[in-house]
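See below for the structure under consideration.
The values are calculated or read from the model by the stated rules, or taken from the named source; none is laboratory data. Source: prediction; values computed, not measured. So basically every Cβ, Gly included, is an ideal-geometry build from the backbone, and we count neighbours across all protein chains shown. For accessibility, only protein heavy atoms count, side chains too; no ligands or nucleic acids. Shrake-Rupley method; radii C 1.70, N 1.55, O 1.52, S 1.80 Å.
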Amino acid sequence: MPRDQPNVLCIIADDLGWRDIGSYGSSFYETPNIDAFSRDGIQFTDAYASAPVCSPTRASVMSGKYPACVSITNWIAGEERGKLLPPEYHHRLPDEETTLAEAFADAGYGTVHVGKWHLGGEERNSNPEDHGFDVNVGGCGWGSPSNGYFGPWGIPTLDEGPEDEGRYLPDRLGEEAAGIVEDRADSEEPFFLQYNPYLVHTPLQAPEETVENYERKRQRLGLDKVQEVEVDGRFPAEHKKDGRIKRRLVQSHPTYAAMVEALDRNVGRVLAALERSGQAENTVVVFTSDNGGLATAEGSPTTNRPLREGKGWMLEGGNRVPFVVRWPGVTDQPGAPDLCETPVTTPDIYPTLLGAAGVDSPGDQTLDGVDLRPLFDGKTLDREAIFWHYPHYGNQGGTPASAVRAGDWKLVEFFEDDHVELYHLGEDVREQRNLADHRSEKVDELRRRLREWRDDVDASLPTENPEYETWTDRAGFD
């Protein structure tokens, strides 16, 4: 393959919310490297993860399909129960899927994975190297650093030495990814590097000095004197029935801010390696997140406002994420937009990156994503709607639901009681005005379209829980 074909770098942050970086509106978190990268590329305002939790979205990146089409609809191995019982789903990426890595490998690319995987693991014969990656650094069945962010980490696919004692995992993985980029500078073989920082997933841990910097910033801005968190109703999932939803109202969590800064530092480290090695001009870079920010549970470290809720919810805060594409000579050409408001979704990454590299999509692969390259020229996409299907309870307070967005209209169908909510996002991005009772014809149209799509993809649905007993008004609940 000629070396003039571009390298491809795909960066997927973990739990990073739509407003968690400066270029998307955060004034508390500091992300100068990602902000500069966003200015150099096309920043998508209406980009969506294909699910409000991690594993389904990551399966979409690898397959180019909606999570329901690969039967990975929940984080592996979540089994939350409530009024409804969850459907069965795959706990590994199916072997029959031709992954993005396999497609690149077949086209002569060197393929490397660094960081989070969470699509099976060694015990299920489903590590990155089982799905097309030549090299795997740190990818396994874990959804987060089980032993914490400071070494020793105990990650089965990451070699450790004495120098890693007490070391911050994101810095180690960032250096690994940057080193791989530099080592391939003189190679005749283009590379596909998937760099998946575990950040900013819990546990909430960061270097103490950086945390203290943000605590001082929090006080300087007077954020310690405002209401930062509100307490709401009970969790609908049985395993958390004794807890209350705690919703963050402002971005002010010092440790989380330090984690965002670490993410930015290490993304900058990898991008700087591209520059130093002379490969930046010939590398397509995508940056996004696997779901919305964690806003209502597990420390509630961020808020996605003005979007509603966050990770684990079938609302804008759960699915809308940052998404930036930088392709020198293309995304910076005359006519290319700086901002793109066209709705896009995770499965689009697969055909877009293959198309950018001049690689044909596998003939036996049916893709749900579409090639986004027309948007780089200021054109439109031939797509009427995008879909979500999350038939599970989130750990964060969300309930099983499906959703569809067509133009500015979004409909959410909730499975517990079959009620729907309808929003016009162009006028109400906060999802405050449910128009379902006022636009019955639009409800009928979108609900029909959503149900036809579920039938087409044979989406699994939750079932009634015969052992369910409501705990809403339980005596002693506080």
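By average Cβ neighbour count within 10 Å, what is the ranking of 58-71, 374-387 from highest down?
In descending order of packing, they fall as 58-71, 374-387.
Determine the calculated [θ] at 222 nm for the chain from helices alone, applying -39500 (n - 2.57) to every DSSP H run no shorter than 4 residues and normalising by the residue count; nearest 500 deg cm²/dmol.
Result for the chain: -7000 deg cm²/dmol, rounded to the nearest 500.
In segment 390-449, which GluC sites (Glu not before Pro) fall in coil by DSSP and have 12 or fewer other Cβ atoms within 10 Å?
Filter output for segment 390-449: E427.
Among 447-458, 76-87, how do they line up from the highest to the lowest mean number of other beta-carbon atoms within 10 Å?
76-87, 447-458
Sequence gap at least 6, Cα distance under 8 Å: using those rules, report the relative contact order of segment 48-188 to the nearest whole percent.
Contact order relative to length: 16 percent.
Please work out the average accessible area per residue across segment 192-291, using the 1.4 Å probe convention, and give it in Å².
That works out to 39 Å² for each residue.
Can you give me the % of accessible surface on the chain that is carbon or sulfur? Probe 1.4 Å, all protein chains present, nothing else counted.
The computed percentage sits at 43.
I'd like the Karplus ³J(HN,Hα) series for segment 419-430: coefficients 6.51, -1.76, 1.60, θ = phi - 60°, whole numbers in Hz, and an x wherever there's a Gly or Pro.
Result, rounded to whole Hz: 7, 10, 10, 10, 10, 9, 5, x, 10, 8, 5, 7.
Listed highest first by mean packing, meaning other Cβ atoms within 10 Å per residue, what order do 20-32, 237-249, 107-119 come in?
So the order, starting with the most tightly packed, is 107-119, 20-32, 237-249.
Cα gyration tensor of segment 233-278, axes a ≥ b ≥ c as square roots of the eigenvalues: rounded (a/c below 1.5), prolate (a/b > b/c) or oblate?
Cα axes put segment 233-278 in the prolate bin.
Per residue, what volume in Å³ does the convex hull of the Cα atoms of segment 145-248 enclose?
It comes to 193 Å³ per residue, whole-number rounded.
Would you kindly derive the ³J(HN,Hα) couplings of segment 332-338 from the backbone phi angles with the Karplus curve 6.51 cos²θ - 1.76 cosθ + 1.60 (θ = phi - 60°), listing them in order in whole Hz, with x for Gly and Pro?
Per residue, the Karplus-derived 3J(HN,Hα) values read 10, 6, x, x, 6, x, 7 Hz.
What's the local net charge at D418, with K and R +1, D and E -1, over the other residues with C-beta under 13 Å away?
Value of the local net charge: -2.
Amide H to amide H under 5 Å from G138: which residues, 5+ apart in sequence or cross-chain, H placed 1.01 Å off N in plane?
Under 5 Å from the amide H of G138 lie the amide H atoms of G115, T157, L158, each far enough along the sequence or on another chain.
Do the alpha carbons of any pairs in K65/K442; K246/K442; K217/K240; K225/K311 sit beyond 28 Å of each other, and which pairs? Walk me through the intermediate numbers first.
Values: K65/K442 26 Å; K246/K442 33 Å; K217/K240 33 Å; K225/K311 26 Å.
Beyond 28 Å: K246/K442; K217/K240.
With unit charges on the beta carbon (Lys/Arg positive, Asp/Glu negative), name the residue among A185, L221, Y198 whose Cα is farthest towards the positive pole of the charge dipole of segment 153-227.
L221
What's the local net charge at D348, with K and R +1, D and E -1, over the other residues with C-beta under 14 Å away?
0
Please report the net charge: other residues with Cβ closer than 12 Å to the Cβ of D456, K and R +1, D and E -1.
Working: positive: R449, R451, R454; negative: D368, E452, D455, D458.
Surrounding charge for D456 is -1.
When only C-alpha pairs under 8 Å and at least 6 residues apart count, what is the relative contact order of the chain, in percent?
Rounded, it is 25 percent for the chain.
Counting only residues 5 or more places away or on other chains, whose amide H sits under 5 Å from the amide H of A47 once H atoms are built in the peptide plane?
V321, V344
For labels at E469 and A36 in the simple 7 Å Cα→Cβ model, what's the distance in nm?
Inter-label distance under the simple model: 6.1 nm.
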